[in-house]
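Have a look at the structure below before the remarks.
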Amino acid sequence: MRLAILANPRSGRGRGGALAQELAARLRARGHEVLEYTGVDRRDAMDWVHRVQPTVDRLAVVGGDGSLNAAATALRPPFPPVLLLPVGTANLLARELGLPSIPEEAAALLEADRVQPLDLGHILERRTFLVWDFGLGGELIRRFEEKRPDRIRKAQYLPLLGSLLKELRSLPPVHVHADGEDLGEFVYGVVSGVRTYATSWLHLGPAAYNDGWWEMYLFRRLSLPLILGTGLRAAFRRLHRSPHVLHRRTRAVRVEGASPSPVEVDGDYAGTTPVEFRLDGEALPLLVPPR
């Protein structure tokens, strides 16, 4: 096969490039033709994926959820099977699906045909396969990326989260419409195609990866006790049953308000409301191990 490998050199505390080279060497030893590329930034990575897609059979992304988002946004139907070798900060999708982080195992997975389609959404001129939110999560990521270090550690989010929790009342309410229905005003919302959020122990609730629907969780207000309570429910997989959360399945969402609310998409700050999200039948064929 002719394979392409896209590496994010900043992922894995700088290990992304080395892991991509090791993966390429193992694939060549197996008799495959391999194209390698290290992206300079998101735009550069997207341009390369767009150029090489017609010439390759499969694509491997060595990085985190944000790196996979860049590749998914650049791809055009029909999509080739895609592998994620996870070396990001959260690796949310990899943990949920059990994706291998060892190059030898990733090389074997690239040769297999086990694919999990992931429903792809569109928002703010990018695709999304994981989750997007407005309000609290978006503001946290926005503040983090203002002072983004070269090497990211999860603990670096904690001081920003602590300061943000003191400012919950300043989050602007926005109007949410879902599938043509006016749901009212909310200060925080999460729309997801997967089952976990932010960390592997925060469970949003039941979700299918390719049923043509995403799950939406909306909060009319926020307070520290409410966040702790809903976080506890999420740890026990009961967030969708919380009386403080409006849970809906949706295919199309519009969010707008008098004041802009920050928006995070697949782990990266993407802009502010107003936004429109839609599912239009596209699915990313992600290579996965046996469950």
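Since every read-out is calculated from the coordinates, none of them should be taken as a lab result. No experiment lies behind these values; they were computed from the predicted model shown. Every residue, glycine as well, gets a Cβ built from its backbone with ideal geometry; the counts of neighbours run over all protein chains shown.
Which net charge results for the neighbourhood of Leu232, defined as the other residues with beta-carbon distances under 15 angstrom from its beta-carbon, given Lys and Arg at +1 and Asp and Glu at -1?
Net local charge, Leu232 excluded: +4.
Please quote Rg/Rh for the chain to two decimal places, taking the Kirkwood radius as Rh and restricting both calculations to Cα atoms.
We get a ratio of 0.97 for the chain.
Cα atoms only: what Rg and Dmax, in Å, come out for the stretch 128-279?
14.6, 43
Calculated from DSSP H runs of 4 or more alone, at -39500 (n - 2.57) each and per residue, what is the 222 nm mean residue ellipticity of the chain, nearest 500?
Calculated at 222 nm, the ellipticity per residue is -8500 deg cm²/dmol.
Within the stretch 241-285, find all residues whose amide N lies under 13 Å from a label point positioned 7 Å from the Cα of Leu226 along Cα-to-beta-carbon.
Within reach of a label on Leu226: 243-246.
Once R0 is set to 51 Å, what does the formula 1/(1 + (r/R0)^6) return for the Cβ-Cβ distance between Asp211 and Ser170, expressed as a FRET efficiency to the nearest 0.05?
Plugging the Cβ-Cβ distance into 1/(1 + (r/R0)^6) gives 0.85.
Starting from 0 in steps of 5 Å, tell me what percent of the Cα-Cα pairs of the stretch 65-212 lands in each bin.
Pairs per bin, as whole percents: 2, 7, 14, 19, 21, 16, 11, 6, 3, 1, 0.
With just the Cα atoms defining each centre, how far is the stretch 238-287 from the stretch 75-112? Give it in Å.
When both Cα centres are located, 24 Å separates them.
Any idea what Rg and Dmax come out to for the stretch 192-258 if you just take the C-alpha atoms, in Å?
Rg and Dmax of the stretch 192-258, Cα atoms, are 12.4, 36 Å.
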